Amino acid sequence: MDSKKIQNRCAVCNESENLKICSSCEEVSYCSAEHQKKHWKVHKSNCKAYKISTNEKLGRFIEASRGIRAGTVILTENPLVIGPDWSYDLFTTNSTFNCVGCFEPIRMLTHRCPSCKWPCCKHDCIGLNNPKLHDIECSFLKSGLGVQCDSDYSAIRDYFRTDVLFAMKCLLLKIRHPKKFEQLIQLEGHVEDRKDTLNFVESSKQIDYLERNFLKPTKDDAEKLDKLSLPLKDRETLQKIYGIIETNAVYLTANNEVAGLYAIGCIVEHSCVPNCHFLFDKRNGFKLTVRAARDIKKGEHIATCYSNIMWGTLMRQQQLRNMKYFTCSCARCSDPTELGSHLSSLRCIGLDGVECNGIQVPMNPLYGELSEWACEKCPARINGEEIADLLVKMTDEVDHTMEREATVPAIETLMDKLSMFLHPNHYHMFTLKHTLIQLYGNHRDYAIETIDEKFLKRKLHFCDDLLQIVMLLDPYNIRLAIYTAVILYEKFNAIVEMHRRQLNNIPQTIMDAIKCLERAEMILINELDTVHGKQLNRKICEALGQFRSMRK
């Protein structure tokens, strides 16, 4: 690495007291703001860790302008716009609305914004008068046609559609914050690629709603929008905006209820083997911090993961093609074994009734469903489309079990069934094992103190299997931090209970159990703003505290 070590003395006067580190590069220290300003002309050329580059394949992307150490802040940035999830299902039975101010789910329409009358969580919601949140679109919403019948629930639901707010906010930047709008409209929107797709059809329906309820009424009475109106020709602009949202928007919360667009952050390219953390500060307007997860060499591309890192290659590629309009060719996608994890691999059932027990992998994983799958031991071949159909059926069965019958017997039965076709590390098997290690010892019928020894040993065995997989897929805990911390916490519980029972042939010691907790605590450092991260970290800290007090 060619990055410098953090200086423990002021870069100007060599003072070593009351130092503050440069927040951008975190490599140079100053004793005062005055000295930091004085040194800026010298430091600025080395401060920024990235540069924006362009090529024909990727368009704009970000690469390291110097060597970057793990943990270094690469960039910080405020969002161009943030808003609620833009996906919408007209046939949904979900009765939840979203607060127009803070986007939190609300079930009862008890409170409304005093100005536009859209649903909110409370009359003094912090987001209602925030110029970066609801204030952007409030007067525009006020200009809408309104609900035609307040007693008709269906009419209320069809009118207060928060799925359109994200695109509306983007369009309103055109008159509220023109400079931000120019930055936004420069983001890739795949205008031509989207035509004749389901995404285009769905966004057209949302644009119809906007035109009918807001664009036409606003044009007819521009006074309602402070003498500013949006011309109907902006339908084309809205389609481009929807393309930009689909291609670039990132979810900012664990439950995906809030999304954002960033001028620089959104051109960080995709890789299924990412090298940086994306951190969002909810208390500071969802300010984005991009931090290096590992050492990054000068000239290396800065990359995050747009897809679900726990999906197999076929599913990730389908999602990226359908929503992002490109094919990923990263090291993981190009490897039939997915970096040795075998997250997509199948068991070979052999030919002509002759059992094989080999492993089947795609011959050309970047070809998606067009790739044949081959066995490592026998001549068996399977058509990629058949594999895709099989996975769809298995996914439906797993989803059904997890949603309605997430019991130990139901999951074990499904695992036994799927194990005839799937590699033990397959992502469906991972999901089921990850659920079981939490049920073993925590479900009322499988309490840790009374659970049968075979379940306890199986819990520990599954934990070890899962840890090997996550270390191959996400060695720097960028996307699987909570998954990994759960595994470590449950491994800790299994080891402690085994020692309590004084079972024979237990290679792990109590110190191994404590190390699991310490590692989990460290892994969760970037997840403490999430609900699940906070809850899990509290359990881990309590367990650590108990053991540390016992050792004193």
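The values are calculated or read from the model by the stated rules, or taken from the named source; none is laboratory data. Worth saying up front: this structure is predicted, and the values here are computed from it rather than measured. All Cβ positions, glycine included, derive from the backbone under ideal geometry; neighbour counts span all protein chains shown. Keep in mind that these areas ignore ligands, DNA and RNA; they rest on the heavy atoms of the full protein, side chains included. Shrake-Rupley method; radii C 1.70, N 1.55, O 1.52, S 1.80 Å.
If only residues of the stretch 172-218 that are of a type in the set (A, V, I, L, M) and over 25 Å from the mean Cα position of the chain (by Cα) are counted, the one that is most open to solvent (accessible area, probe 1.4 Å) is V201.
Remark: pairs (first residue in the stretch 472-484, more than 15 Å from T304 (Cβ to Cβ); second residue modelled with pLDDT of 95 or more and among the small types (G, A, S); Cβ separation under 8 Å; 6+ apart in sequence or on different chains) = L472/G340; L472/S341; T484/A520.
Restricting attention to the stretch 417-433, the residues being more than 19 Å from W311 (Cα to Cα) and part of a loop (DSSP other than H, G, I, E, B) number 1.
Checking the stretch 328-343 against the condition returns no match, with no residue being modelled with pLDDT under 95 and not in a loop (DSSP other than H, G, I, E, B).
Screening the candidates L466, L488, L473 for the property of being open to solvent by less than 30 Å² (accessible area, probe 1.4 Å) and closer than 22 Å to T413 by Cα yields one hit, L466. Tallying residues that are under 16 Å from E338 (Cα atoms) and in contact with a helix residue (DSSP H, G or I) (Cβ under 9 Å, 6 or more places away or on another chain) within the stretch 373-393 yields 1. Restricting the stretch 169-194 to residues that are basic (K, R) and touching a residue at least 40 places away in the same chain (Cβ under 8 Å) leaves a set whose member that is farthest from G101 (Cα to Cα) is R194.
Candidates in the stretch 522-552 are the residues that are out of contact with any Leu (no Cβ under 7 Å at 6 or more places or on another chain) and of a type in the set (A, V, I, L, M, F, W, C); of these, the one that is surrounded by the fewest Cβ atoms within 10 Å (Cβ to Cβ) is M550. Scanning the stretch 270-304 for residues being in contact with a His (Cβ under 6 Å, 6 or more places away or on another chain) and either of a type outside the set (A, V, I, L, M) or without any contact (Cβ under 8 Å) to a residue 24 or more places away in the chain (or both) gives a total of 1. Looking across L414, L390, L436, one residue alone is in a helix (DSSP H, G or I), of a type outside the set (K, R), surrounded by 13 or more Cβ atoms within 10 Å (Cβ to Cβ) and at pLDDT below 95. It is L390.
Filtered by the rule that a residue be free of Cβ contacts under 8 Å to residues at least 40 places away in the same chain and in contact with a strand residue (DSSP E or B) (Cβ under 9 Å, 6 or more places away or on another chain), the stretch 50-63 gives K51, S53, T54, N55. When F200, F166 are checked against the criterion of being touching a residue at least 24 places away in the same chain (Cβ under 8 Å), of a type in the set (F, W, Y), touching a helix residue (DSSP H, G or I) at 6+ places or on another chain (Cβ under 9 Å) and over 19 Å from C120 (Cα atoms), F200 stands alone in meeting it. Among the residues of the stretch 128-156, those that are touching a residue at least 60 places away in the same chain (Cβ under 8 Å) and either touching a helix residue (DSSP H, G or I) at 6+ places or on another chain (Cβ under 7 Å) or not in a loop (DSSP other than H, G, I, E, B) (or both) comprise S139, F140, L141, K142, S143, G144, L145.
Residues in the stretch 439-465 that are at pLDDT 95 or above and either within 26 Å of the chain's Cα centre (by Cα) or at positive phi (or both): L439, F462, C463, D464, D465. Looking only at residues that are among the basic types (K, R) and either under 23 Å from R538 (Cβ atoms) or touching a Lys or Arg at 6+ places or on another chain (Cβ under 7 Å) (or both) in the stretch 501-521, which one is surrounded by the most Cβ atoms within 10 Å (Cβ to Cβ)? Applying the filter and picking the extreme gives R519. For beta carbons closer than 7 Å, sequence separation of 6+ or different chains, a first residue in the stretch 447-461 that is without any contact (Cβ under 8 Å) to a residue 60 or more places away in the chain and a second that is assigned to a helix (DSSP H, G or I) and acidic (D, E), the qualifying pairs are I448/E497; L456/E497; K459/E490.
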